[in-house]
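So the structure is just underneath, and the comments pick up after that.
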Amino acid sequence: MSETSDRPTRGENDKNVDTLTDEATTAGNHELTVRERAALEWARLADPPLRLTLTADNTYEQYRAVPDYPDKEVGWALIMQALGTTSRESAHGVLAQIVAASTWAGEILEDSVNSIFQFVVSCKPRNELQARLLIQMAQMNMAVTEAAVCHGNAYVMRVSDSKKRHRVHGERMLGLSTTARALSSLARTFTEQTRLLIDLQGGGDKNVTTQNVSVSEGGQAIVGNVMQLEGQSASKASQHSPPALTHSLELPMPMVEEPERTVVPRERKASKKK
């Protein structure tokens, strides 16, 4: 594959969308609805997605991913910006991982390469670490899907001896339990990766819990949930805060002592002699 590509520009993309609009209007005398026109308008105004193409200098060289863009320098700049890096070597490494993740039985699918690349770009990584984490998440998502398919087909799996019912049932139950454990483990890993990405991008919940509060003489304490918006001063935030508990100098209430209880011996009944 060559590095040159006839990628449609914004103007050509608008012509394609307009052509689709005319065809949709005239085909079968179908008049576009408001929702359909809004979808076509959204597609026309959206930026064309970045795409990758596979290329190799000779037959024996491994394929590598390069930007599918008329101007290669601009294409690499757009890819580095989308991956959150300023180094072309780092961008080469990330794209090499995407190609490796898209390889199945020695065959590389260009559609799979672009699918993983669009997943990484859509999450807007801020640095190379987040971009590589997103590639791992894409691979884990594919593994979860494959495990779910295996779990769904576990009951119809081939058994060693179909004439023995107890062996058939045992092998199928073993297949179901094995695939269920694998699916659960992979799904938990994908969830942990998602939480890690949210924390790295600064979107995690940052709650501070205070268990012990010490108030000295003349001080005040606030009991309740206190929230302060970004850019809001403390004086404005205090207007919506719960009322403070002032320090009281009154003497505490005396403890009411209970009178001591006296033990009363219980009379025993005389045992009857036979």
- Message: Considering only residues that are modelled with pLDDT of 90 or more and touching a Pro at 6+ places or on another chain (Cβ under 7 Å), which ones fall in segment 177-227?
- Response: none
- Task: Give the number of residues within segment 43-65 that are loosely packed, with under 10 Cβ neighbours inside 10 Å and among the aromatic types (Phe, Trp, Tyr).
- Result: 1
- Any chance His151 is in contact with a helix residue (DSSP H, G or I) (Cβ under 6 Å, 6 or more places away or on another chain), modelled with pLDDT under 90, assigned to a helix (DSSP H, G or I) and not polar (S, T, N, Q): yes
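The values are calculated or read from the model by the stated rules, or taken from the named source; none is laboratory data. Remember, predicted model here, so these are calculated numbers, not experimental data. For neighbour counting, all protein chains shown are included, and Cβ atoms are generated from backbone atoms with ideal geometry for every residue, glycine included.
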